[in-house]
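The values are calculated or read from the model by the stated rules, or taken from the named source; none is laboratory data. Since the model is a prediction, treat every value here as computed from it, not as a measurement. Cβ coordinates were reconstructed from backbone atoms using ideal geometry, including for glycine residues, and neighbour counts include every protein chain displayed. To get the accessible areas, we keep the full protein, side chains included, count just its heavy atoms, and leave off ligands, DNA and RNA. Shrake-Rupley method; radii C 1.70, N 1.55, O 1.52, S 1.80 Å.
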2 protein chains.
Amino acid sequence: MGVNHSLSEPLDRLSDAVADEMARVNALIRDRMSSRHAPRIPEVTAHLVEAGGKRMRPMLTLAAAKMLGYSGEYHINLAAAVEFIHTATLLHDDVVDESRQRRGRPTANLLWDNKSSVLVGDFLFARSFLLMVETGSLRVLDILANASATISEGEVLQLTASQDLKTDEDIYRQIVRGKTAALFSAATESGGVIAGASEAQVRALHDYGDALGIAFQIVDDVLDFGGVAAVIGKNTGDDFRERKLTLPVIKAVAQADARERAFWVRTIEKGQQGPEDLAEAMTILQRHGALEAAREDALAWAARARNALKVLPDHPVRAMLADLSDFVVSRVA
Amino acid sequence: MGVNHSLSEPLDRLSDAVADEMARVNALIRDRMSSRHAPRIPEVTAHLVEAGGKRMRPMLTLAAAKMLGYSGEYHINLAAAVEFIHTATLLHDDVVDESRQRRGRPTANLLWDNKSSVLVGDFLFARSFLLMVETGSLRVLDILANASATISEGEVLQLTASQDLKTDEDIYRQIVRGKTAALFSAATESGGVIAGASEAQVRALHDYGDALGIAFQIVDDVLDFGGVAAVIGKNTGDDFRERKLTLPVIKAVAQADARERAFWVRTIEKGQQGPEDLAEAMTILQRHGALEAAREDALAWAARARNALKVLPDHPVRAMLADLSDFVVSRVA
């Protein structure tokens, strides 16, 4: 993510607010990733889970439950289940994308093999459902099973939509809901459901997570082109090289003249890219204000996220969640 | 499987007994494999689901519910969920094993790609849990989530145990429970639970499926070496070439003299196989009666399956399930 430390304060404050609960989530994760018969399962899982991800998704579940004054234990289960689903998704994504690095370390598919990544992902997915069953709530099972289906649906859609210039902003939003927003919204929503939130509150928690996830992903898209200023940096252009139809590109394609269109057809659809093409892509994006327009969209989604929180109880955690929506877009401020 | 038609009568009778229900299962499968956004999902699923598998696992769920006089609708959901889990497992297995053929057709990973197989498998897995949520029974969710975890655990164990001559009959049984028996027993058990079976009946249904699955897998192992007579045929020796520690090999390794041990180390552990080695492996298996001993084990498991049915209601389907256990081993009779 390339988080600037001073900007990450809202995340740190939220992290502090749920630190005790997160310690229990981590203990539960370690317990449930174990396998009596197959030691490779905890090895592969630990490689990823203990690589120091931000635990943003389980944090959202814990925050939602805390904001609603939940005094039970099942938010710990749900947060661990959400992290297991996320980890399973990462393991499978790295196989699908043939990735070699994740969180600054070699990927599991590289250190072990694709087989282990596929099967350990399946194992974690199954264990996540066992964690949910223990809560006794069919509704959270419904929410998280639906999110899981949406995640894989979004990934399949991305497979077929990627490199296709017909991909429009509607399809983009469906892909992003799958890639990011579905698990964000399921994380907040299930935390609310287990805490006995009202229907209006449950809907608000869903909308918050959904909007936060979409904002988060658009920001990633913009940063991949070096931010609104379009400055080439260390990790600039990965999406372009992978020929992904991200939001800035979709906006630029919609406004392309014949010459620009030929450029996108060659570089994205046909994948014929030379060393100067990233700079040329960034020039075209700038010409149409596509990065700025995508940034505006991200800000609008962040505002929607903040706005959704209004019906939720006035609680210190609510303010932190509101700040988190600003934080997510502060990376392109 | 290479089923001789006259021998398949018990399966046909069972299939006829639940034909109406299976038609509804198939309709539900078609409905739930659809995706509004990603048409590739039903394409990939249909390729496998409609290739004419025997639907043995959903048949077991329907049979269990019918035997217990169930009059509700949820056995249809569970049978479809069981078939989705099975299909997801096959899609992922074919990626893991780099298979090129399944049910006489090219595999999905070959026709599309590994990515689609991984992601569509994930989608079906998620949808299977949604089908279970609709039944309102946390207990069937628990049973099938546990089975799913056991399946991937068994597959990971097979990854690490394969090619390792230290694999003994205990490890073998754990692998087989994962590969086959876990879903068989979850299929029968969940059918009983949804029908309101007593605890003793639920246990009996679990034990039946478990024993049937183990017998089924051992028979496959024996057939892979051409049956007890060890006759080289069209599909003989796949497991040997893949260096799998199947039950006949485990039994022969346990009795190997120094020369034989060197043979197994070379062919299985080191994977150095020449054109004469399959015939030599079969000679060694014959020398120790390893195929015959494995067949005896299969017969014993089939007898256990039949025996488990005793506490279940006297019903035409019960007799069919009993015959099915004989049918499974009749392939090596």
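Collect the residues in segment B:85-108 that are away from chain A (no Cβ under 11 Å) and of a type outside the set (Val, Ile, Thr), keeping them in residue-number order.
Here is the first cut: in segment B:85-108, the residues away from chain A (no Cβ under 11 Å) are B:86-87, B:90, B:99-108.
If the condition is that a residue be away from chain A (no Cβ under 11 Å) and of a type outside the set (Val, Ile, Thr), then B:His86, B:Leu90, B:Ser99, B:Arg100, B:Gln101, B:Arg102, B:Arg103, B:Gly104, B:Arg105, B:Pro106, B:Ala108 are the ones that fit.
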Can you go through A:Ala38, A:Ala80 and tell me which one is in a helix (DSSP H, G or I) and touching a helix residue (DSSP H, G or I) at 6+ places or on another chain (Cβ under 9 Å)?
A:Ala80
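Given the criteria among the hydroxyl-bearing types (Ser, Thr, Tyr), over 19 Å from A:Ala81 (Cα atoms) and either modelled with pLDDT of 95 or more or touching a Cys at 6+ places or on another chain (Cβ under 8 Å) (or both), does B:Ser99 qualify?
Numbers: among the hydroxyl-bearing types (Ser, Thr, Tyr): yes; over 19 Å from A:Ala81 (Cα atoms): yes; either modelled with pLDDT of 95 or more or touching a Cys at 6+ places or on another chain (Cβ under 8 Å) (or both): no.
The answer is no for B:Ser99.
One line per residue, one yes/no per condition, for (1) open to solvent by 20 Å² or more (accessible area, probe 1.4 Å); (2) under 30 Å from B:Thr236 (Cα atoms); (3) within 13 Å of chain A (Cβ to nearest Cβ); (4) among the aromatic types (Phe, Trp, Tyr):
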position: B:Glu9; (1), (2), (3), (4): yes, yes, no, no
position: B:Arg24; (1), (2), (3), (4): yes, no, no, no
position: B:Arg32; (1), (2), (3), (4): yes, no, yes, no
position: B:His37; (1), (2), (3), (4): yes, no, yes, no
position: B:Glu43; (1), (2), (3), (4): yes, no, yes, no
position: B:Val49; (1), (2), (3), (4): no, yes, no, no
position: B:Thr61; (1), (2), (3), (4): no, no, no, no
position: B:Ala64; (1), (2), (3), (4): no, no, no, no
position: B:Leu78; (1), (2), (3), (4): no, no, no, no
Output the residues belonging to segment B:85-133 that are part of a strand (DSSP E or B) and either in contact (Cβ under 8 Å) with a residue 60 or more places away in the chain or crowded, with 18+ Cβ neighbours inside 10 Å (or both).
B:Arg102
Residue match in segment B:158-178 (condition: within 11 Å of chain A (Cβ to nearest Cβ), without any contact (Cβ under 8 Å) to a residue 12 or more places away in the chain, closer than 24 Å to A:Glu153 by Cβ and not acidic (Asp, Glu))
no
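Being of a type outside the set (Ser, Thr, Tyr) and within 30 Å of B:Gly69 (Cα to Cα) is the requirement here; does B:Leu212 meet it?
Values: of a type outside the set (Ser, Thr, Tyr): yes; within 30 Å of B:Gly69 (Cα to Cα): yes.
Judged against the criteria, B:Leu212 is a match.
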Being modelled with pLDDT of 95 or more, open to solvent by 40 Å² or more (accessible area, probe 1.4 Å), of a type in the set (Gly, Ala, Ser) and farther than 25 Å from B:Ala17 by Cβ is the requirement here; does B:Ala258 meet it?
yes
Among (1) more than 30 Å from A:Glu73 (Cα to Cα); (2) in a helix (DSSP H, G or I); (3) more than 9 Å from every other protein chain (Cβ to nearest Cβ), there is one condition A:Glu155 misses while meeting the rest; what is its number?
(3)
Suppose we filter A:Gly69, A:Gly136 for residues that are assigned to a loop (DSSP other than H, G, I, E, B), modelled with pLDDT of 95 or more and either of a type in the set (Asp, Glu) or open to solvent by 50 Å² or more (accessible area, probe 1.4 Å) (or both); which single one remains?
A:Gly69
Being open to solvent by 40 Å² or more (accessible area, probe 1.4 Å) and either within 19 Å of B:Asp168 (Cα to Cα) or touching a Pro at 6+ places or on another chain (Cβ under 7 Å) (or both) is the filter here, so list the residues in segment B:287-307 that pass it.
B:His288, B:Glu292, B:Arg295, B:Glu296, B:Asp297, B:Ala300
Of the residues in segment A:308-317, those that are open to solvent by 60 Å² or more (accessible area, probe 1.4 Å), in contact with a helix residue (DSSP H, G or I) (Cβ under 9 Å, 6 or more places away or on another chain) and closer than 24 Å to A:Asp12 by Cβ come to A:Pro316
With the checklist (1) open to solvent by 60 Å² or more (accessible area, probe 1.4 Å); (2) assigned to a helix (DSSP H, G or I) in hand, flag the one item A:Phe263 doesn't pass.
(1)
Could you grab me the full set of residues in segment B:266-287 that are over 21 Å from B:Gln158 (Cβ atoms), in a helix (DSSP H, G or I) and polar (S, T, N, Q)?
B:Thr283, B:Gln286
Considering only residues that are open to solvent by less than 10 Å² (accessible area, probe 1.4 Å) and either more than 8 Å from chain A (Cβ to nearest Cβ) or more than 12 Å from A:Leu119 (Cα to Cα) (or both), look in segment B:141-152 and name the one that is nearest to the chain's Cα centre (by Cα).
B:Ala147
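Within segment A:182-208, how many residues are within 14 Å of chain B (Cβ to nearest Cβ) and not polar (S, T, N, Q)? It would help to see each step written out before you state the result.
Filtering segment A:182-208 down to residues within 14 Å of chain B (Cβ to nearest Cβ) leaves A:182-183, A:186, A:190, A:193.
Adding the requirement that they be not polar (S, T, N, Q) leaves A:182-183, A:186, A:193.
Residues meeting the conditions: 4.
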